[in-house]
1. May I ask you to say which residue of 21, 105 is more than 20 Å from residue 7 (Cβ to Cβ), surrounded by 14 or more Cβ atoms within 10 Å (Cβ to Cβ) and more than 22 Å from the chain's Cα centre (by Cα)?
2. When you scan segment 49-70, do you find a residue that is surrounded by 15 or more Cβ atoms within 10 Å (Cβ to Cβ), in contact with a helix residue (DSSP H, G or I) (Cβ under 8 Å, 6 or more places away or on another chain) and in a loop (DSSP other than H, G, I, E, B), even just one?
3. Filter segment 39-48 down to the residues that are under 20 Å from residue 78 (Cβ atoms), in contact with a strand residue (DSSP E or B) (Cβ under 9 Å, 6 or more places away or on another chain) and assigned to a loop (DSSP other than H, G, I, E, B) and list them by number.
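Just so you know, all these numbers are worked out from the coordinates, no wet-lab data involved. Here the structure is a predicted model, which means the values were calculated and not measured. All Cβ positions, glycine included, derive from the backbone under ideal geometry; neighbour counts span all protein chains shown.
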């Protein structure tokens, strides 16, 4: 089985961050745009740690902070959640306790509907 989500993030040293930035020519791995001088950026795991990614330098690249947040929220987290659920199912791990059930809603006090007014019948043939 693949190791999902148990690898801890390992921070880069300033020298490693500089090398990472230079190796990728200052381009964001997510959007492909240039990371400008003085602009905040992070080292993004190309394959998320929660999807069996590693902390190796070949799995890391610079990314705009906003781009990395969008990737994590829109792509990585749904895939990680699904992968963990599939792993639990493959291992036969079931939910703890009974499934939660709503108590339902109170019936609404609605006035009785009045029937719609009917139109008079139209003549079939016109003389």
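1. Working: 105 fails: surrounded by 14 or more Cβ atoms within 10 Å (Cβ to Cβ).
Within the list 21, 105, the selection yields 21.
2. Looking through segment 49-70, at least one residue is surrounded by 15 or more Cβ atoms within 10 Å (Cβ to Cβ), in contact with a helix residue (DSSP H, G or I) (Cβ under 8 Å, 6 or more places away or on another chain) and in a loop (DSSP other than H, G, I, E, B).
3. The initial filter retains those residues of segment 39-48 that are under 20 Å from residue 78 (Cβ atoms), namely 44-48.
Next, from what is left, pick out any that are in contact with a strand residue (DSSP E or B) (Cβ under 9 Å, 6 or more places away or on another chain): 44-46.
Result: 46, single match.
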